[in-house]
Structures are given as C-alpha cells and as structure tokens.
Protein chains: 4
Amino acid sequence: MKHLFKIVFLLPLALLSFTSPPKKIKVVFFGDSITQQGVQPNGYIVKMDSIIKQSRWPDSIELSGAGIGGNKVYDLYLRMEDDVLKKNPDVVIIYVGINDVWHKASSGTGTDADKFEKFYRAIIKKLQEKNIKVIVCTPSVIGERNDNSNQQDGDLNNYSNIIRKIAKDLSLPVCDLRLAFSDYLKSNNPNNTEKGILTGDRVHLNEKGNLLVAGEMWKIIQNVIK
Amino acid sequence: MKHLFKIVFLLPLALLSFTSPPKKIKVVFFGDSITQQGVQPNGYIVKMDSIIKQSRWPDSIELSGAGIGGNKVYDLYLRMEDDVLKKNPDVVIIYVGINDVWHKASSGTGTDADKFEKFYRAIIKKLQEKNIKVIVCTPSVIGERNDNSNQQDGDLNNYSNIIRKIAKDLSLPVCDLRLAFSDYLKSNNPNNTEKGILTGDRVHLNEKGNLLVAGEMWKIIQNVIK
Amino acid sequence: MKHLFKIVFLLPLALLSFTSPPKKIKVVFFGDSITQQGVQPNGYIVKMDSIIKQSRWPDSIELSGAGIGGNKVYDLYLRMEDDVLKKNPDVVIIYVGINDVWHKASSGTGTDADKFEKFYRAIIKKLQEKNIKVIVCTPSVIGERNDNSNQQDGDLNNYSNIIRKIAKDLSLPVCDLRLAFSDYLKSNNPNNTEKGILTGDRVHLNEKGNLLVAGEMWKIIQNVIK
Amino acid sequence: MKHLFKIVFLLPLALLSFTSPPKKIKVVFFGDSITQQGVQPNGYIVKMDSIIKQSRWPDSIELSGAGIGGNKVYDLYLRMEDDVLKKNPDVVIIYVGINDVWHKASSGTGTDADKFEKFYRAIIKKLQEKNIKVIVCTPSVIGERNDNSNQQDGDLNNYSNIIRKIAKDLSLPVCDLRLAFSDYLKSNNPNNTEKGILTGDRVHLNEKGNLLVAGEMWKIIQNVIK
C-alpha cells in the first residue's frame, strides 16, 4: 500500500516537472517615472533582480515594471486594468505619491489628500479582489535636505502618514521609503544639500538611491512570498 | 383570419398596458456641486422637470441627479459604477470641468488638460459599453465678465474645446453651456460684473442661471429621446 | 562730599523731569493679520503692554502695531515709509512670512524664497539707515501638527532658515517663533490636531498663542532696549 | 546790425557745439526677460535703434534696456532706484505683467491683481516725481492661440484692463501690445498654434515678435518726444 501511494502521489508531480517549469511568482512594480526608470540599467528593479539571483529564490521570481512618468494615484487607477491586472501578478508594489504632492506647486495639478486616500484604497480593493498581494510604499523625497526644509516635506510626511494608516487598517506590509531616505540623509548629507546624495535632481534616483530602494523593497517582498 | 390576427397581436400589448405602466426613460445628470444643487428647489433639474410636465412627454421621463460638490472628472470616473451605472440610465448628461480648472488656482489640485481628456473619454466609453446615450456639456463660467477677463476664462475655453473635440470624434450631442452663457452675458451684463447675472457667486447658478441650463439641456435631451 | 555729589548728579535729571517727560522708547510691530489682531483685546501687543506695566520699565516703552491682513514681505517694503518710518520708531520687530508661503497654495501668489530674502534684506537696510534697531521673527505656524506633516511645514522651515541666516549675517536678534511654537506643540498637542492649541484656525493666534508670542518677543525686546 | 545780431546770436551755440554735443533723449525700457533679450541682436530695442537711425531723430535718442528675467512688478519697484533712476532717463517704458500672471501656475508665486495695481502705480509715482515721462505697455502673450483658449488669457486680459485703467486715470500713453498681438494672431495664426508666430516658446519674442514690439512702441515714443 505504501509504495502504491507514493507512486500515485508522485506521478503527477513528476510529469508536471517534465512538462512545464514551476510557475514563477510575478511581482509588478506600479508607479511613476521613478519606477519607469527602475527597469533601465542600474534602475532599482534591475538591481533587485541581481539581488534575487544571489538569493535562495534565483529562478522563481519574475519582476516587471509598470511605471509611467508624471503619474499620480488616479492615473494608476485608470490604467490598472491594462497595465497590471492583465499580467496576472501575484504581488503588486504601489509606489506613488510624489507627483500628487509635487504638481501642486509646479503646475497646480496635484491631488488633494482626501482624494489621494480614496483612489489609493480603490486601487488596493481592486487588487485584493483578484487575490493579489499588495505592498505599499511611502513616497521617498522631493529634495534631500534633512531638516524638513524642502518645500514639499510637509505634504510628503502627511501623505506618508495616510499610506501608513491605510496599511494599518488593511494589514498590509509597508515599505517605508520616506523613513529610509530620511534616516539615510540624516547620516549622509552633512552639507544639507538638495540633491546628489540619493537623487540626481531632488527626485529621481541615482545609483545609491536605486540601491537603497531595491534593498528596502526586497526586505518586504521576501516576507510576503516566503 | 384578419380578426384573429388582430386579437392575437393586440392581446399581449393590452395585457401589458393593464399590468404595468410603460417604462420611463431614465436620465441621469452627472456632475459637481452645480448638479448637486440642481435637485434642490429652483435647481436646474427641478426646473427641467417642470418643463417636461408641460411637454408632450409629461410622464415618460425620469430625471435624477448624481452631482457631488468639488468633483472633478476623475472623481466622476471613480464613482460612476455606484452612482450612475447602478441606476440603469438610458441617458447620462456629463457636466464637469469647472473644478478641474478652478482648483488649479484655489488649491493647486486642478486637472491637467491631457488627463482631463483621458478620463472624460474613459467615462464615455464605460457608459457606451452599457448602451447608455451620452450628452456632454461644456463648463459654464467661473466669473461672469463678458470680455474674457475672468482669471479662468482661458482654461475654460480650452477645456470646452477639448469636450467639443471629443464629442465630434464620437458623434455625441453637445450642450454648449460655455457658449450659451457667453452669449447671454454679452447681452445682459452691461457693467461687466463678476457675478449676479446667472450666478450668485461667480460659479453656482442663481434662478436665471438654473433656468438657462434647464432650457439648454432640454433642447438636447429632446433630440436624443425622440 | 557725599551731599555735593548727590546734588551735582541729580540736578540734570531733576531739570529734565521738570522740562519734559522722558522720551519713550517706541517699538513698532510690523507684519500681517496676526500683528493686525495683536492690537485688539487679548492680542499679543496688548498682552505685552500688560507685561511691561509689571516690569521695571512701566512707563518708558510705547508699543504700536503696523500689521495689515494678507501682507507679504514685499507689501511691508511698499508701505514702510508711511506706516513705520513716519512713526520714528526706536525698535522695529518684523514678523512676516506666513502669507509668503501660504498663498502659494491658496491663490498661487506666494513669494519665491530668493525674492523673500531680497525684500527682507531691503527692509532691514532701510530701517538701519534710520538707526532703527531691528528684531526679526521666524514665522510661527500654518497648522499645528507637531510631526512636520502640515502642508507648508517644509517651506516655513526653509523661510525660517533664511531669516536666521540674514540675522546671523547682520548680527540681528532673532525672536524664533517657529522654534518656540514647535517646542510648545511637541509637548502640548498629544492628539496631533491641526488647530486649537495656539491658534484658532491653524494660523491666527488664540489666547495662549498671543501669550506665547508676547512672552517670546518681550525676552528679545528687553535685551535690545536695556 | 544784421551781422552783429548773427554773431551775438550764434556765438553761444557755437561755443556750446564746441564744448558739448546736444543732450540726447534718454529712453529706458523697464521690464522682464523679454526686455532683457531686447538688447541682444535682433531684440526689439536693437530693432528700434535701427528704426530711429532712419527717422528724423537719427542721433538724438539713446535707448537703454533695464530688463531682468523673471521680474514681476514688485521686482521692478525694488530695483528702480539703481537700474532706472540713476540713469536720469527722460522717458521710461514699463513692460511688465507676464510673470505676475504666469508664475501663479508655474510656481505658485504670481501677483494678485490688487497688489499688481498698487505696485504699478507706485512705480509710476516715483518716476513722475522725477519728471520722467512714463509709457505703459499691456502684457503681450503666454501662448499664441487666437481664441482666448491659452491658460493665462483671462488673467492677461484682466491685467491689461488694469493697466489701461491706470493709464486713463493718469493720462499716460499706452502701448497696447496685448491688443496688437491679439489682432496680429487673429489674422496670422490660421492653425491656432500655441507658438511659432510671434514667439519661439509661447512667451519670448522671435524676429517677427521683436519687430512688432519695436514698431508699436516707436509709434508711442514718437508722440511722447516730439
């Protein structure tokens, strides 16, 4: 009996392993220009791919970017069907908020805090209805001064609080980039400059910034997929 | 034979007319605070209801408002499932754009022209997928001066052009409120005042404004339902 | 000898007191709506007057307000001839910057940081040319949350840094209201509310706010006039 | 007698002509980046100089530019002592307002209409106190569409009205660039493009724009100096 059971039990698996490779875990990064640049050489998604190659999951995770420059939270909502859901991802990482804050001053077209929260929750709801695991990120920086004297620091802190609260309400993992950048800049920006530490232009990530984001996100992703 | 035919043919109709009233044509007004006020006494939707009572369709049209204060085009998109589609309307009239323009200056949270168009088209697409007839309106006024010297006139004219272009592309009827208000104000605002002619506060309609909107919309609706 | 000394010493004072009352030290508060409200009952200037009555200078200091609602740094510059210099003050306290920051978001008419500094220095220069002693203040708050999550916190911190730098360059005393409010709110705003601790509406001072400002300014003024 | 008269009469002139050339009429152009570019090759001030060389005043008028990029009305007020009054001009042409309107949307740091008027009048007052003749200009364009659908058209029309009203109140000549550009674009912008007709970038003048401005201003200047 024992042997028969084994054979019956293992046969389908054996066949499976011959006919198709194990399904990879699909992770989609959903965001703005920072994520759009994330798939370019030295981008944070490319860097994370290298990290994964060294990890105990070298072949089982597939990363893909869904970032478009200038996107705000409602832009993600509008295009999530085409750009995310159609990929059937297992995990989606939402990294948005910088343009929602920044565009208030640069073109008068930012997003009100209450609307930001409403669309953010609507995106999560649609993802969860498809049984997709959601990771949220707080927005990193607009300006790298480390004493809360960058023009948008107040709003970035506020929108980060909103994201943390949503995550707490819905028991979602948070990749707290705002905090990680803030901590790093307190130790590594002695001249309190606006850019050049983790960003090239106050917003978009340089090599070190991409590495920091890749590392912070990977910590959370590991927890989610293990 | 002839008689038999008549009986057979007419019976179902006769039964129908005894058992249930003819289905009313459902018209939903989808918009912002102007539409929210439209269902209040003297509001444009209430006024249109009075017009209909005098028309040749006194009992066959049902009007309902779906306006929420502060709404921009993307707010309509977010709530259209709950507030419009669930009502199974036959006709939807979209009247939005004022906050998309106005909030640029008043809170830095307006809508960029290209995003405005994108969301506007997405709303129409979803409505048309349900075989709902769509009527679009150009945004009326923010300030009633008649020489294009109200702060938002440039943008209101631009967003009106965008709506007219969408309507042309999709062969939709346009209720051109921007034009109707402009024409009215050229003849009826001799002191070039900012408010008090068709609005109480530069934006929200007074009695005459509600009457003008009701009349303009009714012209288009009649064409659509006849 | 002792008597002679007394007579010689006291005579000029005695003569002086018979011929004219001692000239009062004129202090002018130069600012926006917060200062305009400062001369109203419970305002910070009225409160300071009460403090002075209890001090060792009960009759030698004359306070007067020169605050106008909505004023930004360039408005002060434009009206300083009429509203300040004509009063021949001994001391001028500049308390401006909130509208320069706030109006960016509320009407698109704030003041760029570099222009803020330029006009601020121009005001000081004109005052110093008249041998007027200048005290500068950092801007208090727009929102009372104590974790740098009020929308304008980044800019208020930045403009405060600018004012501190000007003061350092020119060896001027600083009344650091930004710091005083921040310290107070860290200890006394346990629910992290936006208003109701030192302000009634996130900006304008309530009783406690007026008392705090009166106390902070009086500390600096004493040092300047002693 | 005749000869004696001639000698007596001509002697001072002869002496004068030996000792100093006839005083030139000094005209200063006071404005923003458009005026800063006006003194460069092909700039409107350089072009006007060529026009003058062909006129009946080839050697009696001296043009000089006082334009600085990004300037708004209050910037002119702040620097008028150094940049204009020290030159002892006979005529000053004020050409400002574009940044006052534009910066509302591009950085949240435009100028409120009432403040614009206040500073504009303050500049004129200071010039007139020095017996300088003042010519005012309405702001040209931000975007060249000819149907009042450029974002800032409403404000530009409004600020132009303010300038025209000031000019009327004070009996000053107006160089109505807003009107001149509008008329030109109605006839010469058949595709209703945003730029490329009189400007290179929606604001700064190309060759034709510089020529138009030079011509319009010269008409007014001739009237003032004749």
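The values are calculated or read from the model by the stated rules, or taken from the named source; none is laboratory data. All values derive from a computational prediction rather than experimental measurement. Heads up, the Cβs are rebuilt from the backbone with ideal geometry, glycines too, and the neighbour counts pull from every protein chain shown. Note: accessible area is taken over every heavy atom of the protein model, side chains too, but ligands, DNA and RNA are not part of it. Shrake-Rupley method; radii C 1.70, N 1.55, O 1.52, S 1.80 Å.
Tabulated values for the structure
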{"read-out": "Å² of accessible area per residue within chain D, as computed with a 1.4 Å probe and no ligands counted", "value": "47 Å²"}
{"read-out": "List of segment B:85-112 residues, accessible area with partners at least 30 Å² below that of the chain alone (1.4 Å probe)", "value": "B:LYS104, B:ALA105, B:SER107, B:GLY108, B:THR109, B:ASP112"}
{"read-out": "Segment B:94-226: C-alpha gyration tensor shape, a/c 1.5 cut-off, then a/b vs b/c", "value": "oblate"}
{"read-out": "Mean Kyte hydropathy of 0.5 or more with a Cα span along the axis of at least 20 Å, helices from DSSP in chain A", "value": "A:2-19"}
{"read-out": "Computed E for A:LYS125/C:ASN188 - FRET, C-beta separation, R0 41 angstrom, nearest 0.05", "value": "0.60"}
{"read-out": "Apportionment of accessible area to carbon and sulfur, the protein assembly as shown, percent (1.4 Å)", "value": "56 percent"}
{"read-out": "Between B and A, accessible area buried - total, square angstrom, nearest 100, 1.4 angstrom probe", "value": "1500 Å²"}
{"read-out": "Candidate lysines for bridging to A:LYS115, where Cα separation is under 17 Å - those fewer than 8 sequence places away on the same chain excluded", "value": "A:LYS72, A:LYS104, A:LYS125, A:LYS126, A:LYS165, B:LYS72, B:LYS104, B:LYS115"}
{"read-out": "Threshold 10 Å², segment B:150-197 residues less accessible with all protein chains present than alone (1.4 Å probe)", "value": "B:GLN151, B:GLY154, B:ASP155, B:ASN157, B:ASN158, B:ASN161"}
{"read-out": "Sparsely packed GluC sites (Glu not before Pro) within segment C:84-169, loop by DSSP, other Cβ within 10 Å at most 16", "value": "none"}
{"read-out": "222 nm mean residue ellipticity, helices alone, for chain A (DSSP H n ≥ 4; -39,500 (n - 2.57); rounded to 500)", "value": "-16500 deg cm²/dmol"}
{"read-out": "Percent breakdown of C-alpha pair distances by 5 Å bin, ordered from the shortest bin, for chain A", "value": "1, 6, 14, 18, 18, 15, 10, 6, 3, 3, 2, 2, 1, 1, 0"}
{"read-out": "Value of relative contact order over chain A, rounded to a whole percent, pairs C-alpha under 8 Å and six or more apart", "value": "19 percent"}
